[in-house]
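J.: Quick one: structure below, then a few questions.
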């Protein structure tokens with residue numbers, strides 16, 4: 001593929017009913033490759049993301065619990081859908097671009113490797129000599145390069161504003177290699193309000209559903225949540241109104257109310273910020289020192305307490321840590337096997353290895369292998385490991 005041309009401006013009509021500070025198609029910074037606009041769909045709509053192979057694989061990738069640990073636990077896909085729903089709700093209240101915030105939400109986790117954060121840590125360790133591995137950068141790499149669905153270009157050719165929202169974190173070193181979408185990390189600009197919203201919606205979703213999944217798994221119990229104000233307030237309201245409600249329904253109702261309270265708080269706090277600033281263009285938002293989509297100060301403190309609770313009681317629970325060790329061993333075994341013997345890779349991946357190794361040396365080989373492993377589902381990664389180390393496993 002040829003190098004991406006300069007940014008092209010999208011000329012589709014602007015969305016109606018949006019605030020002056022919302023991203024609009026008429027002001028978009030364009031796509032990497034020029035395209036003719038659709039008469040039926042906005043430039044920000046989600047269709048090319050949800051039809052991607054990377055999006056489908058989210059169904060079988062871990063959120064916290066490994067994919068086969070239980071059918072009712074969240075996966076990357078169910079988490080992504082929850083983030084999208086929350087983000088659209090807030091966007092509608094603040095007159096932001098719903099199509100854009102949905103696209104960012106649906107794409108934000110595409111780059112996660114199998115086995116959740118344990119998988120990322122293991123793959124980053126394996127790639128330490130070759131530039132490391134970070135799931136936000138990998139998400140952008142997927143939509144810019146790795147998806148192979150179009151005749152005229154690699155990737156999905158998403159709009160700048162969607163790509164900007166996907167790249168939540170980036171070191172200055174990486175930013176220098178990311179082109180236009182990495183520039184804001186060098187000049188310390190804020191992303192669009194839609195990107196800020198997708199980021200906080202991600203947090204709201206996981207702090208709520210990790211309580212739900214943690215209780216379901218028996219890692220935490222209701223008494224242990226008594227000091228968590230966000231949950232205990234909601235739970236107290238539920239028990240006062242429904243004193244005979246069983247624990248299961250009480251838990252679900254409490255988590256639902258807690259999420260609703262967080263959403264309301266973000267809408268109110270963000271609206272206060274926007275009223276005080278009165279931005280008349282998205283670029284005014286970008287020039288601020290910090291994000292405008294936020295919690296109130298009191299709720300922000302309680303969210304931090306909840307995140308600390310989840311860290312110590314759920315994410316560092318011995319059961320989760322045991323699963324993490326198994327996951328890391330799987331990733332490290334795969335990487336070591338493929339890096340030492342690329343001929344073990346499928347033919348299509350081996351061809352990529354040879355091409356990238358010719359252009360970039362060992363770093364090129366390692367990056368293709370990291371792409372291959374990161375694209376695996378939990379089950380496929382476990383199966384590939386068995387194929388490599390178990391002489392009795394079917395090849």
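J.: May I ask you to work out the translational diffusion coefficient for segment 25-191 at 10 °C, viscosity 1.306 mPa s, via Stokes-Einstein with Rh from the Kirkwood sum over Cα pairs, reported in whole µm²/s?
T.: Calculated translational D: 94 µm²/s.
J.: Continuing with this model, one more query. What is the Cα convex hull volume of segment 194-319 when expressed per residue in Å³?
T.: 114 Å³
J.: Also, quick follow-up: Could you check the simple spin-label distance between residue 358 and residue 248, using points 7 Å along Cα→Cβ, in nm with one decimal?
T.: 6.0 nm
J.: Which values of log₁₀ I(q)/I(0), to two decimal places, follow from the Debye formula for segment 321-389 at q = 0.23, 0.24 Å⁻¹ with a uniform point scatterer at every Cα?
T.: Taken in order of the listed q values, log10 I(q)/I(0) reads -0.97, -1.03.
J.: Hey, what number do you get for the chain at 222 nm if only DSSP H runs of n ≥ 4 count, each worth -39500 (n - 2.57), divided across all residues, to the nearest 500?
T.: Computed ellipticity for the chain at 222 nm equals -17500 deg cm²/dmol.
J.: Another question, then. How large, in Å, is the chain by the Kirkwood hydrodynamic radius built from its alpha-carbon pairs?
T.: 22.4 Å
J.: Ranking 323, 204 by Cβ neighbours within 10 Å, fewest first, what do you get?
T.: Going from least to most buried by this count: 323, 204.
J.: Now, a different point. D for segment 257-371, whole µm²/s, Stokes-Einstein with Kirkwood Rh over alpha-carbon pairs at 4 °C and 1.567 mPa s: what number?
T.: Here the translational diffusion coefficient equals 68 µm²/s.
J.: So, one more: If one computes the Cα centroid of segment 266-307 and of segment 191-243, what distance in Å separates the two points?
T.: 20 Å
J.: A follow-up question, please. With each pseudo-label sitting 7 Å past Cα toward Cβ, what's the residue 312-residue 387 distance in nm, one decimal?
T.: So the label points at residue 312 and residue 387 sit 4.4 nm apart.
J.: In nm, what is the difference between 0.36 nm times the number of residues separating residue 344 and residue 241 and their Cα-Cα distance?
T.: That works out to 31.0 nm of additional length.
Here, each number is a calculation from the coordinates, and none is a lab measurement. All of these numbers come straight from a predicted model, not from anything done at the bench. In this analysis, Cβ positions are derived from the backbone assuming ideal geometry, glycine residues included, and neighbour counts consider all displayed protein chains.
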